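Below: the structure, in structure tokens.
The values are calculated or read from the model by the stated rules, or taken from the named source; none is laboratory data. Quick caveat, the model's predicted, so the values are computed rather than measured. Because the Cβ atoms are built from the backbone with ideal geometry, glycine has one as well, and the counts that use them run over all protein chains shown. Each accessible area value is taken on the protein alone, full model and side chains, heavy atoms only, with ligands, DNA and RNA left out. Shrake-Rupley method; radii C 1.70, N 1.55, O 1.52, S 1.80 Å.
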Amino acid sequence: MTPSASRIPTQDRYRGALVGLALGDALGAPREGGPLERLLWRWLGFTPGGLHRFTDDTQMSVDLALSLIRHGGVDQDDLAARFADSYRWDRGYGPGAAKVLKQIRAGRAWQDACLSVYPAGSFGNGGAMRSPVIGLFFHSRPDELLRAAPLASQVTHAHPLAVEGATLVAGATAAALDGPDGSQLLEQASRFCASPAFSTRLDKARHWLQTGQPISPQVLRSELDMGITATTSCVTSLYLAARFLDRSIDALIGFASDAGGDVDTVCAMAGALWGARNGFAALPGHLVARLEGAARLADIGDQLHAKAHAAAAAALR
Ligand code: RVK
Ligand code: MG
Ligand code: MG
């Protein structure tokens with residue numbers, strides 16, 4: 001193996017991250033929100049063939065991955081066009097994001113559309129939920145990761161807190177690919193955020209993990225949150241991934257479901273981290289077999305791996 005090749009984690013980890021993201025998303029979605037949302041997702045949550053359907057989290061991750069593969073980096077115009085093209089109400093997009101994407105599809109410039117609902121931009125978790133893909137693509141290029149994560153978020157989520165959440169999740173995913181234990185994962189991740197809304201939660205999560213406190217789903221939700229904004233979901237995902245790294249992903253999803261709230265997105269981000277650390281082979285085969293688009297997602301993971309590998313090799317030349 002060449003020195004450059006040895007710096008890139010295995011293809012299995014890239015596959016694992018993308019399929020883990022989709023698994024968390026698809027299995028978390030029916031457990032999200034209040035009774036009405038759960039009822040709606042019982043109906044929307046399956047394909048006609050009976051597979052678990054993924055939501056906006058996975059769709060936007062696929063759009064971002066394909067754009068990066070095509071252009072070799074973040075091309076915001078292409079990304080906006082892909083996001084707008086893929087938009088479908090029944091994928092469960094956030095309310096602000098849905099409006100923004102419909103405007104872009106109608107021809108409005110993304111730079112205007114993304115500030116049309118909230119003048120400072122959205123601080124929802126929609127930028128962070130697709131950001132594991134940035135961590136995969138830029139794994140061995142940390143400076144580029146720090147530039148790319150904000151660019152990929154800003155197309156729909158321009159608020160500084162959304163951008164910081166996206167950077168945190170991208171950085172944590174890159175770290176997860178290197179096979180850390182839970183404490184190491186949270187320590188590495190802490191380099192990617194500075195605002196108290198993230199760092200205070202992250203300090204708490206690290207303390208819980210280090211002291212082995214038996215945190216219940218209810219305490220998790222009241223102290224770290226399970227919300228639809230970046231600050232109320234990203235660190236929750238990091239904690240869950242760190243806590244369940246050496247257990248099954250089913251146990252992680254079950255715990256998050258008991259906590260409630262934005263379960264699909266928390267599980268999508270945590271599932272990506274879990275899959276990046278443990279790989280595709282560690283995912284439960286019976287669940288992957290019932291996941292919408294699993295083979296395509298694995299293939300996109302392979303393509304991201306190949307591109308990351310080539311870029312790392314080129315950087316060494
Ligand atoms: C249920 C005030 C703001 C804000 C700002 C609040 C789906 C709004 C997806 C907004 C994602 C919400 C999840 C989410 C979110 C954001 N001022 N309030 N500047 N910025 N908010 O609409 O793409 O799951 O209450 O942009 O981030 O799976 O409705 O949606 O998990 O945060 O929704 O922000 O998706 P949006 P999103
Ligand atoms: Mg969703
Ligand atoms: Mg969600």
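Using a ≥ b ≥ c from the Cα gyration tensor of region 1-85 (square roots of the eigenvalues), is it rounded, prolate or oblate, where a/c under 1.5 gives rounded and otherwise the larger of a/b and b/c decides, a/b for prolate? Walk me through the numbers on the way to the answer.
On the way: a/c = 3.09, a/b = 1.67, b/c = 1.85.
Oblate, since a/c reaches 1.5 and b/c is not below a/b.
Counting only protein heavy atoms and using a 1.4 Å probe, the accessible area of VAL219 comes to about 50 Å². Taking Cα centre as origin and charging only the Cβ of basic (Lys, Arg, +1) and acidic (Asp, Glu, -1) residues, the dipole magnitude of the chain rounds to 220 debye.
The shape of the chain comes out rounded: with a ≥ b ≥ c from the C-alpha gyration tensor, a/c is under 1.5. The sum of -39500 (n - 2.57) across all DSSP H runs of n ≥ 4, divided by the residue count of the chain, sets its helix-only mean residue ellipticity at 222 nm to -20000 deg cm²/dmol. Out of the total accessible area of the chain (probe 1.4 Å, heavy atoms of protein only), what percent is carbon and sulfur? Taking all protein chains in place, the chain shows 54 percent carbon and sulfur surface. Across region 157-169, rounded Karplus estimates of 3J(HN,Hα) from the backbone phi angles (6.51 cos²θ - 1.76 cosθ + 1.60, θ = phi - 60°) give 10, 8, 4, x, 6, 5, 5, 5, x, 5, 5, 4, 5 Hz, Gly and Pro being marked x. Applying 1/(1 + (r/R0)^6) with r as the Cβ-Cβ distance of ALA109 and PHE46 and R0 = 35 angstrom yields a FRET efficiency of 0.45.
Taking the solvent-accessible surface of protein heavy atoms with a 1.4 Å probe, what is the per residue accessible area of region 248-317 in Å²? Walk me through the numbers before you get to the answer.
Details: 2350 Å² over 70 residues.
Each residue of region 248-317 exposes 34 Å² on average to a 1.4 Å probe.
3J(HN,Hα) couplings calculated from phi for region 55-72 with the Karplus curve 6.51 cos²θ - 1.76 cosθ + 1.60 (θ = phi - 60°) are, in sequence order, 10, 3, 4, 6, 4, 5, 5, 5, 4, 5, 4, 5, 5, 4, 5, 5, 9, x Hz; Gly and Pro show x. Applying 1/(1 + (r/R0)^6) with R0 = 25 Å to the Cβ-Cβ distance of ASP181 and ASP258 gives a FRET efficiency near 0.55. Computed over neighbours whose Cβ is under 15 Å from that of PRO9, the net charge equals +3, Lys and Arg +1, Asp and Glu -1. In terms of accessible area, using a 1.4 Å probe and ignoring ligands and nucleic acids, TRP89, TRP110, TRP43, TRP274 rank largest first as TRP43, TRP89, TRP110, TRP274.
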